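Down below is the structure, laid out as structure tokens.
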């Protein structure tokens, strides 16, 4: 496990129910954090990405690091001949994603793109109902994702992370739209708006953004994202068809309470720990991490291609690159296929 922070813990917890699989090694920023992670999950802490990837006990490397370290991590994993899975977004831009695709293909190693939203129980059920013809042909898709701001410092540095709320959150919506519409239909162009409306003292990246993705067959998907939405994490996904609609909210929970004393972790991006709270009973499962990690490990073991690969991550980065160009130009921008890798 490369990354001993928030998403690294989510990915590790996602392995809880996978038979004969365990985290044997971990790396992360700071010795104290690495040691704490190792103590919690029974792994061996490493002080470099390269040494972890070279360890003979490691079969599969999971990249749960900040965006600017993804290329470096994939390069180290492929140099050691290890299978690799990487969290979203694959790269800070399509050029970085292209380089990572090149690395895994040249190395001939197994690769998986860790997009948890499309592994959520409700999202999978939506896809099954669409395939069964329940709502007819899907026509439009809408995603709304928001919270009051990132939990880690590196997210706020737009140069380091590669962008703001759009890159961070609309990567989910873009891939969910492809999953529900069908990946056989290519994305044609994108129109986007973004601005720094609230957190100008913390970032130069956009803290609110909207993106319209237009597919080759004229169908459209809208992604509305925010880093200034108070009241906890939002994650709603809706698909509208010729004969109906399907709506899910991954942040809804049947559990609620009014508490005067903190009870510990409530849920991702919860803004308060007393008063009215809405705890998520099994967040790792609800957000798709359990099913995603199980699928990745089982695909690796069986030598089959996983549902989400680095090629999917590259397409998402190409969509987001077009969105950032549209923010600047104020016009629809075509989704261009990446053709050149990033410099080492």
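A short reminder: the numbers here are calculations on the coordinates, not readings from a lab. The model shown is predicted, which means the values in this text are computed figures rather than measured ones. Methodologically, a virtual Cβ is constructed for each residue, glycine included, from the backbone with ideal geometry; neighbour enumeration extends over all protein chains shown.
Quick one: divide the alpha-carbon radius of gyration of region 1-160 by 2.2 N^0.38 Å and tell me what you get.
On the way: Rg = 17.5 Å, N = 160, 2.2 N^0.38 = 15.1 Å.
Scaled against compact globular proteins, the figure is 1.16.
Kindly provide the pair-distance distribution of region 220-344 built from C-alpha pairs, with 5 Å bins from 0 and whole-percent values in order of increasing distance.
Histogramming region 220-344 at 5 Å steps yields 2, 8, 11, 12, 15, 16, 15, 10, 7, 3, 1, 0 percent.
Please compute the modelled spin-label separation between residue 218 and residue 40, points set 7 Å along Cα→Cβ, answer in nm with one decimal.
Result: 5.1 nm between the two label points.
Just order 300-308, 122-130 by mean Cβ neighbour count inside 10 Å, highest at the front, would you? If you can, show how the numbers build up before the last one.
Working: 300-308: 14.7, 122-130: 17.0.
My ranking of the peptides, most packed first, is 122-130, 300-308.
For region 28-83, what is the convex hull (Cα atoms) projected area averaged across all directions, in square nanometres?
On the way: hull surface 14.8 nm².
Mean projected area for region 28-83: 3.7 nm², to one decimal.
Counting DSSP beta bridges with both partners in the chain, what percentage is antiparallel, nearest 5? Present the calculation step by step, with values, prior to reporting the outcome.
Details: 34 of 54 bridges.
The antiparallel proportion sits near 65 percent.
Starting from the Cα of residue 18, step 7 Å toward the Cβ, then list every residue of region 59-74 with an amide N under 12 Å from that point.
59-63
Taking Cα pairs under 8 Å and at least six residues apart, what relative contact order does region 124-220 come out at, in percent? Kindly include the intermediate steps, with their values, before the conclusion.
Details: 110 pairs, mean separation 28.4, N = 97.
Result for region 124-220 is 29 percent.
Which residue, 20, 168, 312, tops the fluctuation ranking in a GNM of the chain built on C-alpha contacts under 10 Å?
20
Choose one answer from 96, 175, 72: the residue with the largest mean-square fluctuation in a GNM of the chain with alpha-carbon springs under 10 Å.
Evaluated over the chain, the most mobile residue of the options is 72.
Taking all pairs of different Cα atoms in region 212-262, averaging 1/r and flipping that mean, what Kirkwood radius in angstroms comes out?
Values: mean 1/r = 0.0695 Å⁻¹.
It works out to 14.4 Å.
Give the peptides 270-280, 26-36 in descending order of average Cβ contacts within 10 Å, highest first.
Working: 270-280: 14.8, 26-36: 16.6.
So the order, starting with the most tightly packed, is 26-36, 270-280.
Between residue 259 and residue 336, what is the label-to-label distance in nm when each label sits 7 Å out along the Cα-to-Cβ direction?
5.0
Among 109, 74, 315, which one shows the biggest mean-square fluctuation in a GNM of the chain, springs joining Cα atoms closer than 10 Å?
109
Report the Cα centroid-to-centroid distance between region 109-157 and region 205-224 in angstrom, as an integer.
So the two Cα centres are separated by 14 Å.
Please give, to one decimal in nm, the separation of the simple spin-label points placed at residue 68 and residue 137, each 7 Å out from Cα toward the Cβ.
Result: 4.6 nm between the two label points.
Work the Kirkwood hydrodynamic radius out for the chain: mean of 1/r over every pair of different alpha-carbon atoms, inverted, in Å. The partial results should precede the final answer.
Working: mean 1/r = 0.0486 Å⁻¹.
Computed over Cα pairs of the chain, the Kirkwood hydrodynamic radius comes out at 20.6 Å.
To the nearest 0.05, what FRET efficiency results for residue 202 and residue 32 with a Förster distance of 30 Å applied to their C-beta separation?
Working: r = 25 Å, r/R0 = 0.84.
Efficiency for this residue pair is about 0.75.
For n ≥ 4 DSSP H runs only, could you compute -39500 (n - 2.57) per run for the chain, divide by its residues and tell me the 222 nm figure to the nearest 500? Let's see the in-between values first.
Working: 12 runs with 117 residues, N = 344.
Helices in the chain give a 222 nm mean residue ellipticity of -10000 deg cm²/dmol.
For region 168-297, just list the percent of Cα-Cα distances falling in each 10 Å bin from zero outward, please.
Result returned by the calculation: 10, 31, 34, 21, 4, 0.
Show me, bin by bin at 5 Å from 0, the whole-percent P(r) of region 101-253 based on Cα pairs.
Over region 101-253, the share of Cα pairs per 5 Å bin runs 2, 9, 17, 18, 18, 15, 12, 7, 2, 0 percent.
Grab the Cα-Cα distance for residue 125 and residue 160, subtract it from 0.36 nm times how many residues apart they are, and report the gain in nm with one decimal.
Values: separation 35, 0.36 × 35 = 12.60 nm, distance 3.65 nm.
Stretched out fully, the residue 125 to residue 160 stretch lengthens by 9.0 nm.
Mind running the shape call on region 82-189? Use the C-alpha gyration tensor, a ≥ b ≥ c as the square roots of the eigenvalues: rounded below 1.5 for a/c, prolate if a/b tops b/c, oblate otherwise.
On the way: a/c = 2.00, a/b = 1.30, b/c = 1.54.
The shape class here is oblate.
Using only the Cα atoms, what convex hull volume per residue in Å³ does region 100-144 have? All intermediate terms of the calculation are to be shown ahead of the outcome.
Working: hull volume 6.3 nm³, N = 45.
Once divided by residue count, the hull of region 100-144 is 141 Å³.
Which whole-angstrom value gives the distance between the alpha carbon centres of region 175-198 and region 12-47?
The two parts, judged by their Cα centres, are 34 Å apart.
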